[in-house]
Every structure is written in C-alpha cells, then in structure tokens.
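Note sheet for the following structure.
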Amino acid sequence: MVATTAFVLAFVALGLTTLFIAMGGGPKGARNALHAGASPRGSAVSWGIGVFAAIVGLGIPALILAHNSGAQEKQGPGGVNLTASEIRGRHLFAENCATCHTLGGANAVGKVGPNLDQMRPPSALVTNAIAQGRARGQGQMPALLLTGQDARDVAAFVAAAAGR
C-alpha cells in the first residue's frame, strides 16, 4: 500500500511538472515564468489547472484503491464464497500447484497435471494426492509438497473451486 501510494504521488508530481513546463512555453518559458512572476489572471489559471490535476491525479487512484480492498478475494468461481482457509488455500495453490494444474479459481493454467476445472475431486482425494504424490510414486507430482494445515487448506480450496 505504501509503495502504491509513493508511486501514485511520484506520478502526479511528474505529471504536474510536465504540465507546468508545457503551459509555460517549454523549458525556457517555464524558467522565465518562475523568475519573472506571472500576471494575476495567469496565476489563477495555473492554480486552477493544478488543483484540477491534483483532484484527478489523487482522487481517481484513491477511489480505485478504496474499491479494490480485497472484497473480491472471498469470491470464488461460480459465485462460491470462500472461507478464510479456502482463501489461504488459493494462495498456496497458486504458489505450489499452479505450474502444473489448470484451475480457473486460482488463475492457474498448468499443462502437466490434471485439469481441475474438468474434475470435482473431494477434499480427501486432494489431501491424499498431496500426501502421497501420484502415479504410484512414478508420476511427476512428488509426495508431501505441502503438509499439515497447508495441505488441508489447499484441499479445501480445490474441493470448493474445482469443476465450477
């Protein structure tokens, strides 16, 4: 959040500087305006443009940040509302499973493992696959990619999101 705010403020400052130079007749005209003082009418127009640019430059990003607060994170595929453990499972799936498996609920497009958008595996089957790997140990999915609560969270997410 801090990095985003700093980026937006730097972008606004750069935009205002560019606007000032452009309105001042280029770099030489802007330099002359800074040193010579401007007429009251020109100063009011400059202030008006600056205020408008600040409102647009800060207001629009602030509205976007306010409405993009993470509420969509609870939304799963097919209108399913995810629990906290399923949301955590989505993040873990994206980090550990998305390179091999396809699952729209996690924006995963892997080609090696089964396409989970075409299946509806129950949580127990996913937990077993995570614990034991697949293809009797000869497959490309190794055993114990995740353990404990992490494995249960991924299994809960896959069970909730797969096939939707």
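The values are calculated or read from the model by the stated rules, or taken from the named source; none is laboratory data. Being a predicted model, the structure only gives us computed values, none of them experimental. Note: ideal-geometry Cβ built from the backbone for every residue, glycine included; neighbour counts use all protein chains shown.
Computed quantities for the displayed model
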quantity: Within the range 105-114, tally of residues that are crowded, with 16+ Cβ neighbours inside 10 Å and under 15 Å from Ala161 (Cα atoms); calculated: 4
quantity: The range 126-164, residues that are touching a helix residue (DSSP H, G or I) at 6+ places or on another chain (Cβ under 8 Å), more than 17 Å from Thr83 (Cβ to Cβ) and surrounded by 14 or more Cβ atoms within 10 Å (Cβ to Cβ); calculated: Ile130, Ala131, Met141, Leu145, Leu146, Gly163
quantity: Residue count, the range 10-54 (criterion: under 21 Å from Ala66 (Cα atoms) and at pLDDT below 75); calculated: 0
